[in-house]
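I have placed the structure first, in the form of structure tokens, so that the comments after it can refer back to it.
Every read-out reported here was derived from the displayed coordinates using simple, explicitly stated rules and does not represent laboratory data. This one's a predicted model, so the numbers in the text were calculated from it and none came from an experiment. Counting neighbours? That spans all protein chains shown, and the Cβs are built from the backbone with ideal geometry, glycine included.
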Amino acid sequence: MNVTNKKGRVYLVGAGPGRPDLITVRGLELLKCANCVIYDKLANPALLNYTRPDAELLAVPKRVGPESFGQEQINNLLVQKAGEGKSVVRLKGGDPYIFGRGTEEAVVLAQAGIDFEVVPGVTAAIAASCYSGIALTDRAFASEVIFVTGHEAEGKQQTGIDWQLLAKFTGTIVFYMGMKNLDGITRRLIENGMSPDTSATVVADATLPTQKFVKATLETIADGCTKNKITPPALVFVGPTTAGDARLDWLAKLPLFGKTIVVTRDVVGNAEFAAKIASRMAVTVEMPVTKIKTLTDSGDFIKTLAQIKAYDWVIFTSCNGVETFFAAMAKLGKDARVFGSAKIAAIGVRTAETLARFGIKADFVPNAFTSKDLAAGLIEFTNLRDKKVLLLRSQIASDDLPQLLETAGASVNNVPVYTHEKNLCDFKIFSGMLTEKNVSWITFASPFAATCFFEQVPADFVKSSGAKVASIGPVTSKKLAELGVKVEVEAAEHTFDGLLVAIEQYEQRTTTK
Ligand code: SAH
């Protein structure tokens, strides 16, 4: 893909309805290469994680000083950025041409002689249909679909909407932007002859962990939305199929759907965990109670680096260790060749994957999650007698691994490349959430995170909030017990996926009881 041609190119990309991974492959590919991304508030901000580190990211529309930044300014901005020779992704919620003013932007680009491409996106109505069990078409009940803007109906004399036709329509009608004027929409349909008993369903936050719907009739839907505190973005579905079929509501069956889960790692670790939580359709609250401090500026590390080729085995026990090591390496103008012929072991598939990103295929990846398992696996894999082993890991890691390797005859050098420190958080917001009992689970992935968290939040406070505590494994659970905290679930497999599986199993057990 050419991203540096002199005159830039603009890609009008549909971001999809909300859930970030519902963007198209083409859209994501372009997003990854763009020099400039101009995005709407409906496009999920998580998508911005895929952009280049040097990409310019601009949110629109926004208020710039007293002037509001409207469509015309957005059009000008597209022309300006393309004129700077940039590859511009204009990221728009849903599909660019469905109530997205995409054509207005494309016309301006065409007039300015700027090349553009339009990448379709999954529009909200289609996504909401799949995520709530409402069929837009049905062989028996709905042979037609209409997408209507609910905005138009707002007290306009001259409307582009044929209410008489809509009132007679026997298929499925979907109103976009209809929440502000829901009363007006339903009234007009009824006034024009549609039965007040016609099924009507509103779906808000479609495809997100916060998705909600209200099922009612044309007559009662507006009240239902007020009672259920439904807020935009939401769609109004009207027609025979829109009551949906509870059997098709697969989302409600996901054990973690809609649950709020607190993560308590460092910022990077939390983001990684949050992505896993989001894919299970739960809401994440990120509480970075720890932060990472690199230790690779120490003389000890630099000295080790100079002699690294002399080791038989170099062991990485975490992604953090790998990332920190290679960041230091880049700073020193070195690369993976420093390892020479030393063999490399990695705890866990994720660590091995991180190594692979730096061009290294680990020689040994035990099917293990703990230091003990790694030691046992490595001892079985190779004879360690008189072998020189280098451990590059966290300063606060336990002594189990070096001790076991030494027992097997290895000479072990343990060089910390990073450590975790306590990070002070904003507990005002958090304690508010806990008091309102919105949090279902608080997760802990290390004894240190548990200590840092409960130094900042009293254990009794968590208990009275009703939030349950989940631990990644026995060492963390032991620390939590020492802190006076009841551990509701402990992961059998000591990984983040394992932790989520344990929580899912708990939820399934307790809801089927
Ligand atoms: N181009 C977008 C629509 C933009 S108009 C698309 O193709 O989906 C904005 C309206 O879209 C909102 O007012 C709402 O009616 C609807 N919408 C967008 N995202 C939504 C979501 N996740 N859940 C429900 N409605 C959504």
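Work from the charge dipole of region 293-419 (Cβ charges, +1 for Lys and Arg, -1 for Asp and Glu, about the Cα centre) and give the residue of ASN320, SER341, ALA397 farthest towards its positive end. So the residue furthest toward the plus end is SER341.
Relative to the first principal axis of the alpha-carbon coordinates of the chain, what is the inclination of helix 447-456, with its axis defined by its Cα atoms, in degrees from 0 to 90 and to the nearest 10? Approximately 60 degrees, to the nearest 10.
The charge dipole of the chain, taken about its Cα centre with unit charges on the Cβ of Lys, Arg, Asp and Glu (plus for the first two, minus for the last two), comes to roughly 560 debye.
Per-residue Karplus couplings for region 138-149, computed as 6.51 cos²θ - 1.76 cosθ + 1.60 with θ equal to phi - 60°, are listed in order as 7, 3, 8, 10, 8, 9, 9, 9, 10, 9, 10, 8 Hz, Gly and Pro entered as x. Across region 9-122, Cα pairs under 8 Å and at least six residues apart give a relative contact order of 44 percent. Each listed q (0.12, 0.15, 0.20 Å⁻¹) maps to a log10 I(q)/I(0) for region 247-364 from the Debye sum over equal C-alpha point scatterers, namely -0.58, -0.78, -1.09. For region 43-48, backbone phi angles converted through the Karplus equation (6.51, -1.76, 1.60; θ = phi - 60°) give residue-by-residue couplings of 6, 4, x, 4, 5, 5 Hz, Gly and Pro being listed as x.
Considering only C-alpha atoms, what is the centroid distance from region 236-272 to region 84-119, in Å? Measuring centre to centre over Cα atoms gives 31 Å. In summary, the convex hull built on the alpha carbon positions of region 305-453 has an orientation-averaged projected area of 10.5 nm². Cβ crowding within 10 Å, taken as a proxy for footprinting-reagent exposure, orders GLU144, GLU29 from fewest neighbours to most as GLU144, GLU29.
In summary, the aspartates and glutamates within cross-link reach of LYS387, defined as a Cα separation below 16 angstrom excluding same-chain residues under 8 places away, comprise ASP312, ASP363, GLU406. Report summary: the helix-based calculation at 222 nm, which adds -39500 (n - 2.57) for every DSSP H run with n ≥ 4 and divides by the residues of the chain, gives -10500 deg cm²/dmol.
For the chain, with the dipole built from +1 on Lys and Arg beta-carbon atoms and -1 on Asp and Glu ones, taken about the Cα centre, which of LEU235, THR198, PHE116 lies farthest toward the positive end? After comparing all options, I get PHE116. Debye sum, Cα scatterers, the chain, no solvent: what log₁₀ I/I(0) at q = 0.06, 0.08 1/Å? Reported log10 I(q)/I(0), two decimals: -0.39, -0.67. Counting charges near THR382 (Lys, Arg +1; Asp, Glu -1) among other residues having Cβ under 14 Å from its Cβ returns a value of 0.
In terms of distances greater than 22 angstrom between alpha carbons, the cross-link table entries LYS343/LYS422; LYS86/LYS334; LYS276/LYS361; LYS276/LYS343; LYS32/LYS86; LYS259/LYS463 yield LYS343/LYS422; LYS86/LYS334; LYS276/LYS361; LYS276/LYS343. Computed over the alpha-carbon atoms, region 227-298 gives an Rg to Rh ratio of 1.22, Rh here being the Kirkwood radius from the mean inverse distance. What angle do you read, to the nearest 10 degrees and between 0 and 90, between the alpha-carbon axis of helix 267-279 and the longest principal axis of the chain? Rounded to the nearest ten degrees, it is 50. Put a plus charge on the Cβ of each Lys and Arg, a minus charge on the Cβ of each Asp and Glu, and nothing anywhere else: the dipole of region 9-122 about its Cα centre is then about 220 debye. A cut-off of 5 Å between modelled amide H atoms, ignoring neighbours fewer than 5 places along the same chain, links GLU490 with SER471. Modelled spin-label separation between ALA110 and ASN438, with each label point placed 7 Å from Cα along the Cα-to-Cβ direction: 4.5 nm.
As a length-normalised measure over Cα pairs under 8 Å and 6 or more apart, the relative contact order of the chain settles at 10 percent. A quarter of the convex hull surface defined by the alpha-carbon atoms of region 150-240 gives 5.4 nm² as the mean projection. Based on the Stokes-Einstein relation at 25 °C and a viscosity of 0.890 mPa s, and on the Kirkwood radius from alpha carbon pairs, region 450-513 is assigned a translational diffusion coefficient of 199 µm²/s. Judged by the mean number of other Cβ atoms found within 10 Å, the most tightly packed of the peptides 467-474, 330-337, 8-15 leads the ranking 8-15, 467-474, 330-337. Report the one residue of TRP250, THR264, LEU218 whose Cα lies farthest in the direction of the positive end of the charge dipole of region 218-277 (charges on C-beta: Lys and Arg +1, Asp and Glu -1; origin at the Cα centre). Looking along the dipole axis, the top candidate is THR264.
Computed from backbone phi with θ = phi - 60° and the Karplus coefficients 6.51, -1.76 and 1.60, the 3J(HN,Hα) list for region 317-332 is 10, 7, 5, 4, x, 5, 4, 5, 4, 6, 5, 5, 4, 4, 4, 8 Hz; x is used for glycine and proline. Charge dipole of region 293-419 (Cα centre as origin; +1 on each Lys and Arg Cβ, -1 on each Asp and Glu Cβ, all else neutral): 380 debye, rounded to the nearest 20. For ILE315, the amide hydrogen comes within under 5 Å of the amide hydrogens of ALA345, LEU390, LEU391, LEU392, counting only partners 5 or more places away or on other chains and with H modelled in the peptide plane.
Among TRP163, TRP441, a tally of other beta-carbon atoms within 10 Å of each Cβ gives an order, fewest to most, of TRP163, TRP441.
Compactness of region 9-122, taken as the C-alpha radius of gyration over 2.2 N^0.38 Å, stands at 0.96. Amide hydrogen proximity for LYS259: with H placed 1.01 Å from N in the peptide plane, the residues at 5 or more positions away or on another chain lying under 5 Å are VAL283. For the chain, the longest principal axis of the C-alpha atoms and the axis of helix 182-191 are separated by about 30°.
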